[in-house]
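K.L.:
Structure provided below as structure tokens; questions to follow.
Just so you know, all these numbers are worked out from the coordinates, no wet-lab data involved. Predicted model, so just to flag it, every value in this text is computed and none were measured. So basically every Cβ, Gly included, is an ideal-geometry build from the backbone, and we count neighbours across all protein chains shown.
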Amino acid sequence: MFNLRDWGAGVWERSGRPVRVLIALGAIAAAASLPLLGGTFLNTPIADYGSVLVFPVAIFVIMALGLNIVIGKSGLLDLGYVAFFAIGAYTMGILGTKTGLNSWEILPIGIAMAMFAGLILGVPALRLRGDYLAIITLGFGEIVRITALNLNSIGGANGIVGIPTPPTIFGLEYTFDNHRLYFWTFLIIILLTIWMIRRLSVRRAGRAWESIRQDEDAAELMGVPTFRYKIWAFVLGASVGGAAGVLYASKTLFISPDNFTLQVSILILACVVFGGMGNIWGVVLGAIILGYLPDRIRFISDARLLVFGAVLVLMMNLRPDGLLPRKKREKALPEKGQS
Amino acid sequence: MSESILKLQNATMQFGGVVALNDVSFEIKKQEILGLIGPNGAGKTTVFNVITGVYQVTKGDITFEGKSLKGRKRYKITRGGVARTFQNIRLWGDMTALENVITATDTHKRSGLISGLFGLPISRREEKRDKARAQELLDFIGIGEYADRLAKNLPYGVQRRLEIARALGTEPKLLLLDEPAAGFNPAEKVELAKTIRKIRDAGYTVLLIEHDMSLVMGVSDRVVVIDFGQKIADDLPAKVQNDKRVIEAYLGVPEDAS
Amino acid sequence: MLSNFQDQFASLTVGGLSLGFIYVLIALGYTMVYGVLRMINFANSEVFMYGTFATIIVIRDLFGFTQQSEPATGFRLVYILFLCLIASMLMSGILSIFLELVAYRRLRNRGSNKLAPLISAIGMSIVLAEFMRILTDSRYVGSPRVMEKKSLGTFFGAELRLDNVIIIVAGLILFVSLSQFVQRTRLGKAIRAVSMNEDAAKLMGVNLNFVVSGTFLVGGLMTGAAGFFYVLKYENTSFNIGFELGIAAFTAAILGGIGNIKGAFYGGIALGLLETYASFFLGTQWKAVTVFIVLVFVLYFRPNGVFGEAITQTRA
Ligand SMILES: Nc1ncnc2c1ncn2[C@@H]1O[C@H](COP(=O)(O)OP(=O)(O)OP(=O)(O)O)[C@@H](O)[C@H]1O
Ligand SMILES: [Mg+2]
């Protein structure tokens, strides 16, 4: 059967450096021109296509990439990923409304907060195995949401309104409906994330995660400091989730605990598995499809989540490894990126 | 030659009511091949498990190069110079043979996540060096041609040998082999015996669990026998073979049954 | 507050116990499947939710109760309640089998990606919940009162409300029957054999698909009974109650050591009591947080749950 992933990887491996740069630039240009693609067909019934592209699609892509480090790379089942997203968003919301800091100044703070939370959660939780980790992280996600819901000092159920837009750069103004500018900004974050993951995957860290995912005991006994690498995976994943949260709050300008339910964690998890766990391109594709689809099929309005659930079941039964599975090829040259 | 590298002192391992090891003491000398034999369920694998930190002994102590291994983290034991293979093969199936070994060589890398992320020269250098080293080890064990095959697709015998190469990748001083010849035909066994001697001659110390008597007796310098968790003999192969208690322990089991 | 607590302690305990039994029964649904397949049956929460609806359908549509009806009494009441219990159990049991066939079987037989069954289960869970949401127009569905919740008197200062007593007694009976079933019947023994060692059980000629279906059925029956008890106690349900109760029950299963039937019992009871006491002090909005904090502590200090197998260490 034709395998898109192998075909793509094959082309990539056969190409020399200049061709690769061209391919990469071409792909980036194509992605960047997405918001220019007008056409009423792409508009979803409730929102303009340009806006859907920013949220959910771009935000989902960022989060799915982050969660992929945790689940796809190191095999840690995190069902509370939304917590880091929420922490990033609330950092933006609180600091943005209460201090004079702007989005770009808050971004590193939000990332740091999320990483810190990842550490606090990871140290006790990562000593546990598989399903137990799942339930602890799930609980953590709920705790963060319930806390936000019940702390009136951060808005309680009403959330935070009036979050400022990012400041103008190069004369480009981030107005609420300047979707293209937002999209391009988010695209840069996406590219940075992809760069980071690819760099990490090829060398020691990537192998450590891979060995942990496949057989953690064997990894530990072959000298891999498994706990440390699991923490790293967790904290890096959290950092990406935190970044997504800051960006999200800077776009919607209004957040409330309802934006951070378990459903978000599950949706992002679904993006990762649906696209192809462990494979960056699969994950990106999964996030694009699952970000766009539910909005696009709003014409079946009420039944859209139902259809979404059915698609998940079908997909898992027909292609359990996702649309673009991780590498299955024999020939894998370790110094090249195996995403 | 006579200096000891690893010592078990009255090691006892209890699982609930089961006493898997009962007051076992023996030592391994540098550059020795020590055979560890005993009937099924005698506690041989448990010896490996307590040495490598999978379990903590309930009583007694284990010292490696004079220092106690008690409470030491498993990966630190490996870094300190003890590596093992698994009786039930536990390779990372979705990695290539070469990647399996490189992952083991990572044990001694100084570069980690951060230097990898920014592509620092140290990370590049170590990467290159260890890739070469891993290939060298595969060649040394005689499976160099399988380097780029996924571990799970390798023939059984190659997988067993890859386990050894991977353990060697951690640059151990002491190598623990858990039934490396299980499922081998006689020709393969002879080949393996050669490899084990080659490993010792390259400067490693070997502790070998094996059911095949002719293999153990042929290759070992000394043999320790355990039965029901207790040490019943510890002597030269020729003496052990004629030991009354050993013969009793194996009674009913033909001498070279595997 | 503290003296207040002392006054109410006994009554809170009775309420906590009855909630605990609801958790025990749902937790059994998770734990049995986990024992056999080593997998979180994520959609069990929806199995429970459908169980609650089955009871309401019987009360409302079969017996024609409305909000204005007089509660039933005597033999008629026993008869109605019994039918409700059976209906809920059957609904959930059958749904549970169906779930396994649709969402898991194919994946299990392929034995591929470990997370695929979980995602499939999440998908099924969404489908089931959404289907019910559409049917009920996203509303809460109240149950007409079939039974007057009168007090049967006091016991050490605890008010014994009829619904709580029924739940505790019936819950205990169900739990004991399940333990006996697992200990004594052929299917029960096969289930135990598979959960101890799947390969060995297969070698001994156990029909795995049959055992798995049986496990889902039994787990579903127990979960369905919990649905009935829930309606009896709270007199309403909605398409989204599965989530909260399911998480709590799963927590209970882990608390006691998942995969272990006795563990589900102790974990469920402990959680029911804990949650009831905690909401008394902190208010109900923090009860989920308390539960999770306790869970984290338990797992941190006793990673195997209180009765469970070792999970931080595996054999090498
Ligand atoms: N984790 C454990 N929990 C309980 N009992 C164990 C555990 N590990 C080993 N045992 C028991 O300890 C005894 C020794 O087992 P061990 O695996 O060391 O035997 P062995 O000599 O390696 O046997 P074989 O030749 O079959 O590999 C056995 O009775 C086994 O059941
Ligand atoms: Mg053994």
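K.L.:
Taking the Cβ of A:A83 as the centre, find all other residues whose Cβ is under 13 Å away and add up their charges (Lys, Arg: +1; Asp, Glu: -1).
P.N.:
-1
K.L.:
Can you give me the distance in nm between label points at A:T99 and A:L119, each placed 7 Å from the Cα along the Cα-to-Cβ direction?
P.N.:
1.8 nm
K.L.:
How big is segment C:1-76 in terms of Cα radius of gyration and Dmax, in angstroms?
P.N.:
18.3, 48
K.L.:
Through the Karplus equation 6.51 cos²θ - 1.76 cosθ + 1.60, θ set to phi - 60°, convert the phi angles of segment B:140-155 into ³J(HN,Hα) values in whole Hz; use x for Gly and Pro.
P.N.:
With coefficients 6.51, -1.76 and 1.60, one gets 4, 7, x, 10, x, 5, 8, 3, 9, 8, 5, 4, 5, 8, 7, x Hz.
K.L.:
Which Cα, out of B:T52, C:G74, A:I23, lies furthest along the positive dipole direction of the protein assembly as shown (beta carbon charges, K/R +1, D/E -1)?
P.N.:
Towards the positive end, the residue furthest out is A:I23.
K.L.:
Given R₀ = 45 Å, FRET efficiency for A:T168-A:W7 by Cβ-Cβ distance, to 0.05? Please list the in-between numbers first.
P.N.:
Numbers: r = 43 Å, r/R0 = 0.96.
It comes out at approximately 0.55.
K.L.:
Still on this structure, I have one more. Taking the Cα centre of chain B as the origin and placing charges on Cβ (Lys, Arg +1; Asp, Glu -1), which of B:A165, B:V224, B:P180 is farthest toward the positive end of the dipole?
P.N.:
B:A165
K.L.:
Between B:L236 and A:N152, what is the label-point separation in nm under the 7 Å Cα-to-beta-carbon projection?
P.N.:
Rounded to a tenth, the inter-label distance reads 9.0 nm.
K.L.:
Which far-off residues, 5 or more places away or on another chain, put their amide H under 5 Å from the one on B:I5, with H placed in the peptide plane?
P.N.:
Here B:I28, B:K29, B:K30 satisfy the definition.
K.L.:
May I ask you to compute the full-extension gain from C:F155 to C:N209, defined as 0.36 nm times their residue separation minus their alpha-carbon distance, rounded to one decimal in nm?
P.N.:
Working: separation 54, 0.36 × 54 = 19.44 nm, distance 4.77 nm.
Difference between extended and current length: 14.7 nm.
K.L.:
Would you kindly derive the ³J(HN,Hα) couplings of segment C:214-222 from the backbone phi angles with the Karplus curve 6.51 cos²θ - 1.76 cosθ + 1.60 (θ = phi - 60°), listing them in order in whole Hz, with x for Gly and Pro?
P.N.:
For segment C:214-222, the Karplus curve yields x, 5, 4, 4, 5, x, x, 4, 5 Hz.
K.L.:
For segment C:2-315, what is the Kirkwood hydrodynamic radius in Å, using each pair of distinct C-alpha atoms? Don't jump to the answer; show the numbers that get you there.
P.N.:
Working: mean 1/r = 0.0500 Å⁻¹.
Averaging 1/r across every pair of different Cα atoms and inverting gives 20.0 Å.
K.L.:
Here's a follow-up. Which FRET efficiency, nearest 0.05, do B:S68 and B:S214 yield, Cβ-Cβ r, R0 45 Å? Numbers along the way, then the final one.
P.N.:
Numbers: r = 36 Å, r/R0 = 0.81.
So, using R0 = 45 Å, E works out to roughly 0.80.
K.L.:
Could you work out the mean projected area of the convex hull around the alpha carbons of chain A, in square nanometres to one decimal? Please report the intermediate quantities before stating the final value.
P.N.:
Numbers: hull surface 73.1 nm².
Taking a quarter of the hull surface, the average projection is 18.3 nm².
K.L.:
While we're on this one: Given the Cα-Cα distance of C:E198 and C:Y140 and 0.36 nm per residue of separation, how much length would full extension add, in nm? Walk me through the numbers on the way to the answer.
P.N.:
Numbers: separation 58, 0.36 × 58 = 20.88 nm, distance 4.25 nm.
Extra length from C:E198 to C:Y140 when fully extended: 16.6 nm.
K.L.:
Here's another thing I want to ask about it. Using amide H atoms built in the peptide plane, which far-off residues or other-chain residues are under 5 Å from A:I255 H to H?
P.N.:
For A:I255, the qualifying residues are A:I160.
K.L.:
Give me the one-decimal nm value for the distance between modelled label points at C:R105 and A:L36, 7 Å along each residue's Cα-to-Cβ direction.
P.N.:
Taking the simple label geometry, C:R105 and A:L36 are separated by 5.3 nm.
K.L.:
Could you list which residues have their amide H under 5 Å from that of B:L176, counting only those 5 or more apart in sequence or on another chain, with H placed in the peptide plane?
P.N.:
It is B:A83, B:R84, B:T85, B:L207, by chain and number.
K.L.:
May I pose another question? Running a GNM on chain A with Cα contacts under 10 Å, which residue among A:D217, A:D48, A:D295 ends up with the highest mean-square fluctuation?
P.N.:
Per the Cα network of chain A with a 10 Å cutoff, A:D217 tops the list.
K.L.:
Whole Å is fine, so just give me how far the alpha carbon centre of segment B:195-241 lies from that of segment A:155-209.
P.N.:
61 Å
K.L.:
Let me ask something additional. To the nearest 20 Debye, how big is the dipole of chain C about its Cα centre, given +1 on the beta carbon of each Lys and Arg and -1 on that of each Asp and Glu? Mind showing how you got there, number by number?
P.N.:
On the way: 24 positive and 16 negative charges, 189 e Å.
So the dipole magnitude of chain C works out to roughly 900 debye.
K.L.:
Then there is this: Where both partners of a DSSP beta bridge lie in chain B, what percent of those bridges are antiparallel, to the nearest 5?
P.N.:
Numbers: 21 of 37 bridges.
Here the share of antiparallel DSSP bridges comes out near 55 percent.
K.L.:
Which three extents, in angstrom, do the Cα atoms of segment C:42-155 have along their principal axes, listed largest first?
P.N.:
Largest to smallest, the principal-axis extents are 55, 34, 28 Å.
K.L.:
Calculate, in nm to one decimal, what A:L191 and A:V21 gain on full extension: separation in residues at 0.36 nm each, minus their alpha carbon distance.
P.N.:
Working: separation 170, 0.36 × 170 = 61.20 nm, distance 1.42 nm.
Computed gain between A:L191 and A:V21 is 59.8 nm.
K.L.:
Given the options B:Y146, B:V82, B:T96, identify the residue whose Cα lies farthest towards the positive end of the charge dipole of segment B:57-156 (+1 on Cβ of Lys, Arg; -1 on Cβ of Asp, Glu).
P.N.:
B:V82
K.L.:
Right, here's the next one. Can you check what the net charge comes to around A:N317, using other residues whose Cβ is under 10 Å from the Cβ of A:N317 (Lys, Arg +1; Asp, Glu -1)?
P.N.:
+4
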